[in-house]
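Undergrad: Dropping a structure here in structure tokens format, bear with me for questions.
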Amino acid sequence: MSSRALLLASPGPFPFAGHLRLEARGEHAWLAIAASVAAGAGPDAAFAPARALESHLHSQLDPIAVHASDRNTLLRGLWAALASVPAEALGPGGGADLSLLALASDRRGAGVAGVGLSGVWGMYVSAWEPLALGGHPMLGPTGRPTQTPGALRLTASPRRVLASIAGQTAVLPPVDEILARAGVRA
């Protein structure tokens, strides 16, 4: 499986500008992240901020994952790591356009959290099911959160989670297009 956390691409000529995906794994818990930053600046300008964010999150989260006993430790580590990224590293807007989806899991269940999202779905078995739509508290504007976001607690971890970015209509594409629209190549 290529990634457990996916973002639907923005429409336009450069749909994946500023996108990144990463995972941090330990013996007892793991965390998958999909994010988009500085996407509106175009592919050349978005490349450095996306790589800087990816590198910073890896450097902060990999050591936490090794020792994490549960998913909540990883989610707290994610928000702390995100808060410690220098704003200038996140592109022209300093991270004001950040969208991020995280899936953290351990033996007792999973947690889904994010910022800058308009809809979230989880794949259980072979079908996508809505996890957060409409006025759900996890959904809202882009940008680094001013306070630690909560997490949607799940008793079973979905195989994957998928989100639409704030400003996009929260509608799943046709089933045969979902993974391609999220940048997954077969």
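The values are calculated or read from the model by the stated rules, or taken from the named source; none is laboratory data. Just so it is clear, the structure is predicted and the values come from calculations on it, not from any experiment. Cβ coordinates were reconstructed from backbone atoms using ideal geometry, including for glycine residues, and neighbour counts include every protein chain displayed.
Undergrad: Taking the stated definitions as given, is residue 169 farther than 23 Å from residue 11 by Cβ and modelled with pLDDT under 95?
TA: no
Undergrad: Right, here's the next one. Looking only at region 67-79, decide whether some residue is in contact with a Pro (Cβ under 8 Å, 6 or more places away or on another chain), modelled with pLDDT of 95 or more and either over 13 Å from residue 150 (Cα atoms) or not aliphatic (A, V, I, L, M) (or both).
TA: Yes, region 67-79 contains a residue that is in contact with a Pro (Cβ under 8 Å, 6 or more places away or on another chain), modelled with pLDDT of 95 or more and either over 13 Å from residue 150 (Cα atoms) or not aliphatic (A, V, I, L, M) (or both).
Undergrad: Then there is this: Could you tell me which numbered condition residue 70 fails, if it satisfies all but one of (1) within 16 Å of residue 85 (Cβ to Cβ); (2) touching a residue at least 24 places away in the same chain (Cβ under 8 Å)?
TA: Condition not satisfied by residue 70: (1).
Undergrad: May I pose another question? Under 6 Å between Cβ atoms, which residue pairs at least 6 apart in sequence (or on different chains) link something in region 140-160 that is basic (Lys, Arg) with a partner that is at pLDDT below 95 and assigned to a loop (DSSP other than H, G, I, E, B)?
TA: Going by the 6 Å Cβ cut-off, the qualifying pairs are 144/95; 160/4.
Undergrad: Would you confirm whether or not region 12-28 contains a residue that is of a type in the set (Gly, Ala, Ser) and within 21 Å of residue 120 (Cβ to Cβ)?
TA: Yes, because at least one residue in region 12-28 is of a type in the set (Gly, Ala, Ser) and within 21 Å of residue 120 (Cβ to Cβ).
Undergrad: While we're on this one: On the given criteria, is residue 91 of a type outside the set (Val, Ile, Thr), touching a residue at least 60 places away in the same chain (Cβ under 8 Å) and crowded, with 22+ Cβ neighbours inside 10 Å?
TA: Spelling it out, residue 91 is indeed of a type outside the set (Val, Ile, Thr), touching a residue at least 60 places away in the same chain (Cβ under 8 Å) and crowded, with 22+ Cβ neighbours inside 10 Å.
Undergrad: Here is a list of conditions, (1) surrounded by fewer than 19 Cβ atoms within 10 Å (Cβ to Cβ); (2) in contact with a Pro (Cβ under 9 Å, 6 or more places away or on another chain); (3) under 25 Å from residue 159 (Cβ atoms), and residue 107 meets all of them except one; can you say which number that is?
TA: (2)
Undergrad: Let me ask another. Of the conditions (1) in contact with a strand residue (DSSP E or B) (Cβ under 7 Å, 6 or more places away or on another chain); (2) surrounded by 12 or more Cβ atoms within 10 Å (Cβ to Cβ), residue 156 satisfies every one except a single condition; which number is it?
TA: So residue 156 meets the others, but not (2).
Undergrad: If a residue has to be among the hydroxyl-bearing types (Ser, Thr, Tyr), assigned to a helix (DSSP H, G or I) and closer than 25 Å to residue 154 by Cβ to count, how many in region 49-88 make the cut?
TA: 1
Undergrad: All but one of (1) in contact with a Gly (Cβ under 9 Å, 6 or more places away or on another chain); (2) within 19 Å of residue 6 (Cβ to Cβ); (3) modelled with pLDDT of 95 or more; (4) of a type outside the set (Phe, Trp, Tyr) hold for residue 60; state the number of the condition that does not hold.
TA: (2)
Undergrad: Please work out which residue is surrounded by the fewest Cβ atoms within 10 Å (Cβ to Cβ), limiting yourself to region 29-48 and to residues that are part of a loop (DSSP other than H, G, I, E, B) and at pLDDT below 95.
TA: 42
Undergrad: Then there is this: All but one of (1) surrounded by fewer than 18 Cβ atoms within 10 Å (Cβ to Cβ); (2) closer than 22 Å to residue 3 by Cα hold for residue 65; which doesn't?
TA: (1)
Undergrad: Sticking with this one: I'd like the full set of residues that are without any contact (Cβ under 8 Å) to a residue 40 or more places away in the chain and assigned to a strand (DSSP E or B), limited to region 1-20.
TA: 20
Undergrad: Checking the conditions here, which among 49, 13 is farther than 19 Å from residue 116 by Cβ and not polar (S, T, N, Q)?
TA: Checking each option against the conditions leaves just 13.
Undergrad: Answer yes or no as to whether residue 111 is closer than 19 Å to residue 165 by Cα, modelled with pLDDT under 95 and within 16 Å of the chain's Cα centre (by Cα).
TA: Considered against the rule, which asks whether it is closer than 19 Å to residue 165 by Cα, modelled with pLDDT under 95 and within 16 Å of the chain's Cα centre (by Cα), residue 111 comes out as no.
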